[in-house]
Amino acid sequence: MRFPRQILPVAATLLLIPGTGCYMQHANALGPNLPKANIASIDSAFAPLPDAPNEPPEKVALGLALFREKRLSGDRTIACASCHDLNAGGSDHVALSRGVRGQTGGANTPTVFNSSLNFRQFWDGRAADLADQITGPLTDPKEMASGWDQVLQFLRESPEYRDRFRQIFGEEPSRANVTEALVSFENSLLTPNSPFDRFLQGETHALAPQQRRGYQKFRAFGCVACHQGVNVGGNMYQSLGLLGDYFHDRGGSFPSDEGRFRVTGNPVDRHVFRVPSLRNVALTAPYFHDGQVATLEQAVRNMAKYQLGRKLSGEDTADIVAFLHSLTGERPKCLEPSGKKE
Amino acid sequence: MPRTFGEKRMIRSNRLNLLVAIACVIIAIVLTVVLVKGVISHAEEHTSYVTALEYADTIDNEVENEVLLARAFLLPNYDKLATSSREAGLLCARLATPPDVRQQARDPFREAHQRYCREIDAKLAAVERFKVKNAVVRNSLKYLGTIEETFRGLPYDLGFQHLYSDLLAYSLDASADNYAEAQHHVRQLGHSPPPAIQTVLQHARLVLFAVRERSDIEKTIFSGNSDKAMRSMREIYLREYRDQESIAFLYRLCLFSLTFLAVALLLALFLHLHSTKEKLAALNESLESRVAQRTAELREALSELENKQTQLLHASKMSALGEMAGGIAHEINSPLAAISLNAEIIEGALPADSPVVASARTILSTVTRISKIITGLRRFARSGPKDPPVRVSAGSIIADSLSFCGEKMKNSFIDLQRDTTGDAEEVLCQPEQMTQVLLNLLNNAVDAVSKAEKKWVRVRAERRENKIRLSVEDSGPPIPSAIREKIMQPFFTTKEAGKGTGLGLSISHGIVAAHGGKLWLDPQSAHTRFVVELPAA
């Protein structure tokens, strides 16, 4: 008599429980936090640089240290910063950079500044984003000739790095958090407040009269058809040599001449490259994927000739070059001494 | 008040029930929270996935809109197009994992999703190629637009104007007719050699080529394949979700019934427990009162038994004594008669002043006393006449008794205090015997007060429930407690020698007991108070 009397409420309650739960029908399920459609301003081809993202300073500092760390390379001689010179325009001033054991790379080094705003990475756009891009130079036998195993082994054995990773990520160095640190550093490498940006924000006299003339010509001649957007380029592909055979005129051959064809294997993509950003272009000579053009004037004339089918006058060239100088922004804040935590 | 065993057990079982109930409630709350969380998170997953589907569709449309905007010669919007493309790519990967798709629907869904991703990839690749060609078209048309003025007034002006407008028309509508028109003007101008025209023709050919290519690319972009793929993917997912929902509905219906049943069960159980508890409590209470009643009854029975035993002992003692006394009385009566006769003869034969006469008189009075004692003994020994009892009033019994001793009391200056309140009460008895009893008591009282300062005797009758009490109280000194227990014994007397036989009280006691009553000395009284209690008629 006693046993069933005490087991009954238990049984009844257990029966009762699943029922109650199910009546809390899909109560106010919140949708995912999806990004809102960005209403692009269609009245301007350009947009000023945004503020640098709010990355944790310790993580950015770690990314900087990794960026400068030569011991990540195969023979411990080359760091990211060896070719992406942070004291120049984020790239070096040679046509083709030299990797480990003095080997030359396949293409001119693009700047690392503002690179987070490019729609794809590399001249041929083979990496979707910076996280994707990092493995490229790290493992390229002509560049750093290293590998993730080697990099992680080094970082785990280094007491200094191990402590910093533990402090910031609460774990050992891994491919994911090394990438995260480098990307957050690179995301911070924006060069804001160029005269052009100030001009876009309504400060008309930020551009000199010649620069304003250059801006007009830049738009009128059609440069803007490819070099536009927030990064003044870097948001589309284009075929090099639409109205002239650049490669024939230059002579010789470079491994990177094939362009996107090497990625897609589609013949229509031969000589198709990612349009480079023109921000800080005055600081990143030499120019083009092969680095064969030494001056900005020559680069402008080349573009007019091969892409637009125009022969520019000396004045037009000077005006456009003057405008391009207005695209040089401030040094990234995270590279300023006050921004460093070392 | 100490708790009985049953109560303790009930309290313990109540505590256990309470603990079990609390444990059940806690388990119920925890499980409900877990379940509700599960249901909510499942609903959230579903909503989130459906939102992602909708969003992917929106992004897909947005890409198409941006392409149209870019094509319609508005300002470049490739940043926006690049962002939308990237989101479309990311969403594709995200849509690969819908929440809770059953085995049977998994393969069709995976197929549809793969098809969708293929379509989206193709579309995005086409968009990139579109951007290339569109820029080319834009630039060349722009070039032709800026060079227009340099041909003013020249012979090629009209041809150029025709070509330019044809190219514009073709760039807007890539129809075969427009192409043929433009191609015709290219050929016409082609016969003219100037280098400026050569550049124009180069641009024109570029435009013609690029527009044709762009139009092919647009066919891919606007094929609606990704839309179809999205629709079929969404349909498979939603059908699966609806199917699952209808199963879940049945499941919930069952659970609802079970819940209802369980609640009813629980309620019935609690009601049953409650009523059982109350019954038990009532039972417990009545049990206690019954036990108390029984105990009282038992105690009464016990005391009655004790009384009976005492009476029996007394009766057997009395009967033995009676028989003996009867025998003695009979044996003594004849010699006593001879002694009395002879003493009278002696008295009569001698002169009145002879000292022997006095002795003879002493003999006579002694013999009288002896015969009195013997009469008393005989009365005591006699079990009493077996006449049937009659109803008489207490007052008549008292009055009869007083008729025997009233004169004596008056002579001794004893104040008779007669309380007549209970005189009307009736008893069932043998009146002569009861009169004898009362007379005994009154005689004792008269003797007791004879030396007291204040002389009074109080007689009264009263009713106590179903008993009638006759009491005789006198102003004499109280009976010392040392002898109280002996006063009922035969031959016990405190009167001076020769005055009392010591049989009065014991005879009276016997008579009263034979009537089913009691005779006792009231211990509460400050004086001497005897009480006769008889059952009321």
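For labels at residue B:162 and residue A:129 in the simple 7 Å Cα→Cβ model, what's the distance in nm?
Using points 7 Å along Cα→Cβ, the separation is 5.5 nm.
Shape verdict for segment B:245-288, please, from the Cα gyration tensor: rounded (a/c under 1.5), prolate (a/b greater than b/c) or oblate.
It is prolate, given that a/c is not under 1.5 and a/b is the larger ratio.
Pairing the Cα long axis of helix A:57-67 with the longest principal axis of chain A, what angle in degrees results, from 0 to 90 and rounded to the nearest 10?
50 degrees
About the Cα centre, and with charges only on the beta carbon of Lys, Arg (+1) and Asp, Glu (-1), how big is the dipole of the protein assembly as shown? Nearest 20 debye, please.
So the dipole magnitude of the protein assembly as shown works out to roughly 2260 debye.
Want the number for residue A:139 to residue A:294: 0.36 nm per residue separation, take away the alpha-carbon distance, what's left?
52.9 nm
Between exposed chymotrypsin sites (Phe, Trp or Tyr not before Pro) in chain B, where DSSP calls loop and at most 16 other Cβ atoms lie within 10 Å, what's the longest gap?
With chymotrypsin sites (Phe, Trp or Tyr not before Pro) excluded where exposed in loops, chain B gives B:223-412 as its longest stretch.
With a ≥ b ≥ c the root eigenvalues of the C-alpha gyration tensor of segment A:261-342, is it rounded (a/c under 1.5), prolate (a/b larger than b/c) or oblate?
Verdict is oblate for segment A:261-342.
Within 10 Å of each Cβ in B:202-211, how many Cβ atoms from other chains are there, averaged over the peptide?
Mean shielding count: 1.
Counting only protein heavy atoms and a 1.4 Å probe, tell me what percentage of the protein assembly as shown's accessible area is made up of carbon and sulfur.
On the protein assembly as shown, the fraction of accessible area on carbon and sulfur atoms equals 57 percent.
Quick check: Cα centre of segment A:235-312 to Cα centre of segment A:104-154, how many Å?
20 Å
About the Cα centre of chain A, what is the dipole size in debye to 20, counting +1 per Lys and Arg Cβ and -1 per Asp and Glu Cβ, all else neutral?
That gives chain A a dipole magnitude of about 520 debye.
Could I have the simple spin-label model distance between residue A:160 and residue B:323, label points 7 Å from Cα toward Cβ, reported in nm to one decimal?
13.7 nm
For segment B:240-259, state which residues have at least 40 Å² less accessible area in the presence of all protein chains than in their chain by itself, taking the probe as 1.4 Å and leaving out ligands, DNA and RNA.
B:252, B:255, B:259
Would you work out if segment A:53-158 is rounded, prolate or oblate? Take a ≥ b ≥ c from the square roots of the eigenvalues of the alpha-carbon gyration tensor; rounded if a/c is under 1.5, else prolate when a/b is larger than b/c, oblate otherwise.
rounded
How about segment A:292-316: which of its residues lose at least 10 Å² of accessible area in the presence of all protein chains relative to their chain isolated, using a 1.4 Å probe?
Residues meeting the cut-off: A:308, A:309, A:310.
What's the FRET efficiency of residue B:489 with residue B:22 using the Cβ-Cβ distance as r and R₀ = 60 Å, to the nearest 0.05?
Efficiency at R0 = 60 Å is approximately 0.20.
To the nearest 100 Å², how much accessible surface do chains B and A hide from each other in total, with a 1.4 Å probe?
5500 Å²
Put a dot 7 Å past each Cα toward the Cβ at residue A:76 and residue B:118; how far apart are the dots in nm?
5.2 nm
So what is the relative contact order for chain A, in percent, with contacts set as C-alpha pairs under 8 Å and at least six apart?
22 percent
If packing is taken as the mean number of other Cβ atoms within 10 Å per residue, what is the order of A:294-307, A:169-182, highest first?
Result, highest mean Cβ count within 10 Å first: A:294-307, A:169-182.
From other protein chains only, count the Cβ atoms within 10 Å of every residue's Cβ in B:130-141, then give the mean.
6
Evaluate peptide A:219-227: per residue, the Cβ atoms of other protein chains within 10 Å of its Cβ; return the mean as an integer.
Average neighbour count from other chains, rounded to a whole number: 5.
Out of segment B:411-456, which trypsin sites (Lys or Arg not before Pro) are coil in DSSP terms and have no more than 10 other C-beta atoms within 10 Å?
Those that pass, being in a loop and sparsely packed, are B:451, B:454.
Give me the angle, in degrees from 0 to 90, between the Cα long axis of helix B:431-449 and the longest principal axis of the Cα atoms of chain B, rounded to the nearest 10.
For B:431-449 against chain B, the angle is about 80 degrees.
Can you work out the accessible area per residue across the protein assembly as shown, with the rest of the protein chains kept in place, probe 1.4 Å, in square angstrom?
53 Å²
Helix B:225-349 versus the longest principal axis of chain B: what is the Cα-based angle in degrees, 0 to 90, to the nearest 10?
0 degrees
Using helices alone, I'd like the mean residue ellipticity at 222 nm for chain A: each DSSP H run of four-plus residues gives -39500 (n - 2.57), total over residue count, nearest 500.
That calculation yields -11000 deg cm²/dmol at 222 nm.
Need the C-alpha centroid separation for segment B:156-175 versus segment B:506-537, integer Å.
Between the Cα centre of segment B:156-175 and that of segment B:506-537, the gap is 154 Å.
Each residue of segment B:507-516 in turn: what ³J(HN,Hα) in whole Hz from Karplus with 6.51, -1.76, 1.60 and θ = phi - 60°, glycine and Pro shown as x?
These are the phi-based 3J(HN,Hα) values: 5, 4, 4, x, 4, 4, 4, 5, 8, x Hz.
Mind jotting down the distance between the C-alpha centroids of segment A:41-86 and segment B:331-374, whole Å?
Spelled out, the Cα-based centre of one part sits 163 Å from the other.
In segment B:31-45, what residues drop by 10 Å² or more in accessible surface going from the chain by itself to the full protein assembly, probe 1.4 Å?
B:31, B:32, B:35, B:36, B:39, B:40, B:43, B:44
The values are calculated or read from the model by the stated rules, or taken from the named source; none is laboratory data. Since the model is a prediction, treat every value here as computed from it, not as a measurement. Every residue, glycine as well, gets a Cβ built from its backbone with ideal geometry; the counts of neighbours run over all protein chains shown. The area values use the complete protein model at the heavy-atom level, side chains included, leaving out ligands, DNA and RNA. Shrake-Rupley method; radii C 1.70, N 1.55, O 1.52, S 1.80 Å.
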